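The values are calculated or read from the model by the stated rules, or taken from the named source; none is laboratory data. This one's a predicted model, so the numbers in the text were calculated from it and none came from an experiment. Note that each Cβ is placed from the backbone with ideal geometry, even for glycine, and that neighbours are counted across all protein chains shown.
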Amino acid sequence: MDFNKLVRDAGTALSRVVQLTEEKLGTSEKTELDAHFENLAERSDTTKLWTEKILRDTEAVLTPNIGNRVEDFLFDKIDKKRPNRLSNLEYLGLDMIEGGNEFGPGTAYGSALIKVGQCQQRLGQTERDFIVSASQCFAQPLRKFLDGEMKTILKERSILESKRLDLDACKNRLRKARSMQGQQTAEKDLRVAQSEFDRQAEITKLLLESIGSSHASHLRCLSEFVETQTRYYAQCHSAMQDLQRDLSGFPHSAVSGNPQIVVNSQTPDSSRPGQQRARVLYDYDAKDSSELSLMADEVITVHKIAESETDYLMGERGSQKGKVPAAFLELLSN
């Protein structure tokens, strides 16, 4: 370790602290930068402030779950691939499809659940694609700007402030110098400090002026974000229109408060001799494979098993067939 360098650095740091303290107390003058530079610095501060806010809000929109955002941040820090998690819409879609299969895809409610569930999955995938696209075209460039260009600007401005304190400290030493030798040494130090300050001010000024091109870049990113959002909502609108058309094929009574469940949105075929329609009054769970499970308000086709059999009828629902208790049915006139 260079002990002399350590001593010089400590002396420089102490000198800066003293100079800053005297400026705060009003006992020392402060070198002011020109108005143009100050305007550039103010624009830089404003850009940083609002870019941080917009980025934070954008990330909250794209990933509402703060736990997921923290997890993504940690994965990015350790440079590992983010987990491919399902969206809430996709989870909803999975449960709807599972429920629809449980109720029976041959029933109107079960079939509708499956259709809506498939649409939710489609919307969920579209949402995930939108999140990836919006992140790439908007959020990531803003983050890159803050972590790259803006950090460089802040670093150079911090160096400039240090150079400014060194310059003003040299000016103070020159004013306080009593001997000729002291004045000569102070003047030499002042010339060096002034040169370093001017050079750093020019570097910082160039960086601050580059904020204008950053704004132009952010504007392009913003336009891409809007295009991505427009495409996303158009895809969602198209998916919902398709779903609405699918559901419109169901009987009006099945979606207006008195659900009449019909296989594949078609009225059961009762045109064959001996067959007629029947509405299920109560839910019924089949006791074995020879029977057919029923759901309340479902409409099925039934016919007699035999003249002597009065307690059970043979029920048909699409390709499903089995005995059903007559007491659970209300026969409908054709």
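Counted as qualifying within region 1-111 are the helices (runs of 4 or more DSSP H) with 2 or more residues that are charged (D, E, K, R) and at pLDDT below 80, namely 3-25, 66-77. Any residue in region 213-226 that is in contact (Cβ under 8 Å) with a residue 40 or more places away in the chain, surrounded by 13 or more Cβ atoms within 10 Å (Cβ to Cβ) and small (Gly, Ala, Ser)? Taking every residue of region 213-226 in turn, at least one turns out to be in contact (Cβ under 8 Å) with a residue 40 or more places away in the chain, surrounded by 13 or more Cβ atoms within 10 Å (Cβ to Cβ) and small (Gly, Ala, Ser). A single entry from Arg231, Arg199, Arg178, Arg191 fulfils the requirement of being closer than 30 Å to Trp50 by Cβ and among the charged types (D, E, K, R): Arg231.
Do we find that Leu154 is within 29 Å of the chain's Cα centre (by Cα) and surrounded by fewer than 19 Cβ atoms within 10 Å (Cβ to Cβ) in this structure? Criteria met by Leu154.
Confirm whether Gln235 is part of a helix (DSSP H, G or I), in contact (Cβ under 8 Å) with a residue 24 or more places away in the chain and within 23 Å of Ile153 (Cα to Cα). The answer is no for Gln235. Count of region 285-304 residues, restricted to those that are over 14 Å from Thr107 (Cα atoms) and crowded, with 16+ Cβ neighbours inside 10 Å, is 2.
Scan region 175-196 and give yes if some residue there is charged (D, E, K, R), outside any helix (DSSP H, G or I) and surrounded by fewer than 17 Cβ atoms within 10 Å (Cβ to Cβ), otherwise no.
Looking only at region 175-196, we keep the residues that are charged (D, E, K, R), and these are 175-176, 178, 187-189, 191, 196.
From what is left, the residues that are outside any helix (DSSP H, G or I) are 178.
Going one step further and asking which of them are surrounded by fewer than 17 Cβ atoms within 10 Å (Cβ to Cβ), we end up with 178.
There is at least one residue in region 175-196 that is charged (D, E, K, R), outside any helix (DSSP H, G or I) and surrounded by fewer than 17 Cβ atoms within 10 Å (Cβ to Cβ).
Note on region 98-128: residues that are without any contact (Cβ under 8 Å) to a residue 40 or more places away in the chain and closer than 21 Å to His237 by Cα total 8.
Right, Leu313: under 51 Å from the mean Cα position of the chain (by Cα), crowded, with 16+ Cβ neighbours inside 10 Å and not acidic (Asp, Glu) or not? No, not satisfied.
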